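Take a look at the structure below.
Values quoted throughout were computed directly from the atomic coordinates according to the rules given, and no laboratory measurement underlies them. Just so you know, these numbers come straight off a predicted model, no measurement behind them. As a convention, Cβ positions derive from the backbone with ideal geometry for all residues, glycine included, and neighbour counts pool all protein chains shown.
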Amino acid sequence: MRIAVARESDPAEDRVAATPDTVKKLKSLGAELVIEPGAGVKSGIPDAEFTAAGASIAGDAVNNADVVLKVRRPNAIELASYKKGAIVIAIMDPYGNDTALKAMADAGVTAFAMELMPRITRAQSMDVLSSQANLAGYRAVIDASSEYGRALPMMMTAAGTVPAAKVFVMGVGVAGLQAIATARRLGAVVTATDVRPAVKEQVQSLGAKFIAVEDEEFKQAETAGGYAKEMSKEYQAKQAALVADHIKKQDIVITTALIPGRPAPRLVSRDMVASMRPGSVIVDLAVERGGNVEGARPGEVAAVDGVKIVGHLNVAGRLAATASALYAKNLLTFLDLMIDKSAKSLAVPWDDEIVKATVLTRDGAVVHPNFAPKSAA
Ligand code: NAI
């Protein structure tokens with residue numbers, strides 16, 4: 001059982017899919033680990049640390065691998081070097097990328113998308129959306145505070161009193177909860193909103209105030225999977241009125257609202273941005289999925305009417321070492337499921353709900369029901 005860890009080909013990706021710690025554990029399960037040179041460098045892991053953990057380093061690490069571990073979906077050039085039937089595990093970004101999924105099927109690899117992990121207790125330790133969103137939520141506050149020209153905590157000094165910054169978090173999933181906690185630790189006065197009622201108590205338990213349109217639709221807004229539904233036009237209008245009034249008094253706004261498989265909901269309009277005091281900062285964590293904020297530009301810090309709108313991409317990757325450590329651990333627990341410990345070989349439990357939910361391609365076809373071509377599904 002040969003497991004390869006690829007070096008990411010995308011220059012904007014600093015994370016790596018294994019750490020010396022996960023290499024050791026995979027070895028103890030009977031795997032041979034081969035790492036592409038420099039794979040961990042941008043996450044602060046030199047090749048020597050991988051070799052000390054028992055891996056070998058090879059330029060052609062992926063060529064004969066039974067399993068390839070990656071952060072991002074492999075491109076056509078990478079796929080050409082994988083062997084047919086190889087298992088490839090990564091964050092596959094499958095929505096709207098049919099051609100890329102077909103390319104993986106055509107290459108004959110068995111691809112697993114870590115972001116399709118079901119939200120069940122057993123899979124919590126494999127949940128990359130959670131492990132990475134948590135870090136993105138933290139980093140969003142750090143990025144906001146570095147763009148903000150004032151302090152976050154209240155300070156009483158001989159030269160005068162500095163008021164606490166007001167931080168508003170929109171969308172309180174994993175990222176939003178960590179953003180609230182981080183902003184509170186930095187001494188800000190925090191409010192937050194979401195469309196899922198379950199969130200209210202969580203917000204309050206972190207010492208923040210919950211603000212939302214709590215009508216009948218709100219009471220039904222959570223799916224069985226724990227995600228938000230797309231809200232009606234009427235709800236959106238009521239929500240916009242509430243937000244418009246609140247946002248103009250805020251110093252920092254962090255938006256994280258997402259709906260699986262859909263464009264991000266637009267929560268902050270140009271007028272709302274203009275209503276904020278110059279020097280205010282908005283961080284749009286949903287910018288990769290269309291953005292929650294009008295005027296947010298992917299990969300840029302945009303200045304709109306004196307307000308900075310931060311649109312960094314791959315925000316978890318801005319904490320590459322920590323993000324890699326958690327991602328690698330997610331992969332390790334997922335792989336553990338696929339390894340027969342006594343035979344020390346791969347044995348994928350195809351009927352396991354975790355496997356069924358995450359497998360994208362197999363035997364030359366796109367097999368996931370959400371992405372398979374309609375005639376084949
Ligand atoms: P997400 O990244 O899909 O969305 C972020 C937040 O945006 C969500 O809280 C969502 O309700 C909110 N949102 C969507 N549309 C909105 C709108 N129009 N206005 C305001 N807010 C809006 O969500 P995430 O972070 O992936 O978490 C979703 C849920 O899954 C949470 O309840 C979380 O606790 C739960 N979860 C469960 C796990 C498990 O049981 N294994 C693991 C991880 C998360």
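Some values worked out for this structure:
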read-out	value
Ranked 285, 186, criterion: other C-beta atoms within 10 Å, fewest first	186, 285
Helical mean residue ellipticity (222 nm; -39500 (n - 2.57) per DSSP H run of 4+; nearest 500) of the chain	-9000 deg cm²/dmol
Quarter of the Cα convex hull surface for the stretch 100-221, i.e. its orientation-mean projected area (nm²)	11.2
Reachable aspartates and glutamates from residue 27, criterion Cα separation under 17 angstrom, eight or more residues apart if same chain	36, 47, 49, 66, 336, 340
Equivalent ellipsoid semi-axes - Cα gyration tensor, the stretch 134-313, angstrom	25, 18, 15
Considering only the chain, percent of DSSP beta bridges that pair antiparallel, nearest 5	30
Relative contact order of the chain, defined on C-alpha pairs under 8 angstrom at six or more residues apart (%)	18
Separation of the residue 214 and residue 75 label points, Cα + 7 Å toward Cβ, nm	5.0
DSSP loop GluC sites (Glu not before Pro) with at most 14 other Cβ within 10 Å: longest gap in the chain	1-213
Segment residue 125-residue 12, extension gain: residue separation times 0.36 nm, minus the distance between their alpha carbons	38.1 nm
Distant alpha-carbon pairs in the chain (separation over 33 angstrom), percent	36
For the stretch 26-31, Karplus couplings with θ = phi - 60° (6.51, -1.76, 1.60), whole Hz, Gly/Pro x	5, 4, 5, 8, x, 8
Inter-label distance, nm, simple model (7 Å from Cα along the C-beta direction), residue 151/residue 237	4.6
Using θ = phi - 60° and Karplus 6.51 cos²θ - 1.76 cosθ + 1.60, couplings along the stretch 87-99 (whole Hz; Gly, Pro as x)	8, 10, 10, 6, 8, 8, 6, x, 5, x, 10, 4, 4
Sorted by Cβ neighbour density within 10 Å, fewest at the top, the residues 371, 210, 50	210, 371, 50
Extension reserve of the residue 244-residue 229 stretch, reckoned as 0.36 nm per residue once the Cα distance is removed	3.2 nm
Cleavage-rule hits (trypsin sites (Lys or Arg not before Pro)) in the stretch 43-126: DSSP loop, at most 11 neighbouring Cβ within 10 angstrom	84
